[in-house]
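Computed from the coordinates by the stated procedures, all read-outs in this text should not be read as laboratory data. All figures in this text were calculated on a predicted structure; none of them were measured in a lab. Here the Cβ positions follow ideal geometry from the backbone for every residue, glycine too, while neighbour counts run over all protein chains shown.
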Amino acid sequence: RADVARAQATLARVFTFVGATERYVASLWLLQRVFGWGEAVLFQSLVHPKVGFRTLSAAKRGVVPFKATDDFGTLRALISSREVCDVALYDYAASLLATRLGALGPKGTWELREFERRVQITKARRR
């Protein structure tokens with residue numbers, strides 16, 4: 001479809017950053033690197049007990065019958081069955097994120113894994 005191709009071109013040409021919910025921590029880590037933000041603020045926002053993953057607004061409105069306990073595959077299957085264009089655009093955006101994460105090199109990949117590990121450890125301690 002022409003609409004999807006135009007949206008994909010816009011993502012690639014105009015947007016500085018594209019993230020994905022299922023790679024939330026990695027997306028935010030990469031975002032802070034892209035814009036040069038301090039890691040301390042990002043880390044605190046990810047591990048603070050009152051901050052967590054929120055149910056999608058569409059699910060809250062009942063547009064997509066999705067519960068916070070459902071896995072991403074379930075949500076993707078629901079969306080896929082209803083909106084082929086959205087899935088195509090999402091897949092393209094996810095590929096942009098994967099490309100950017102793949103270009104981190106060994107040092108950047110290690111830094112990301114360490115950050116993800118620290119977030120998990122801190123969250124586990126707060127439970």
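Worth a mention:
- Residue separation of E39 and T10 scaled by 0.36 nm, minus their Cα-Cα distance, works out to 7.6 nm of gained length.
- The distance between label points at T21 and T99 comes to 2.4 nm (points 7 Å beyond Cα on the Cα→Cβ vector).
- Chymotrypsin sites (Phe, Trp or Tyr not before Pro) restricted to the stretch 90-127 and DSSP loop, no more than 10 other C-beta within 10 Å: none
- Within-13-Å neighbourhood charge of S27 [Cβ basis; K, R +1; D, E -1]: +1
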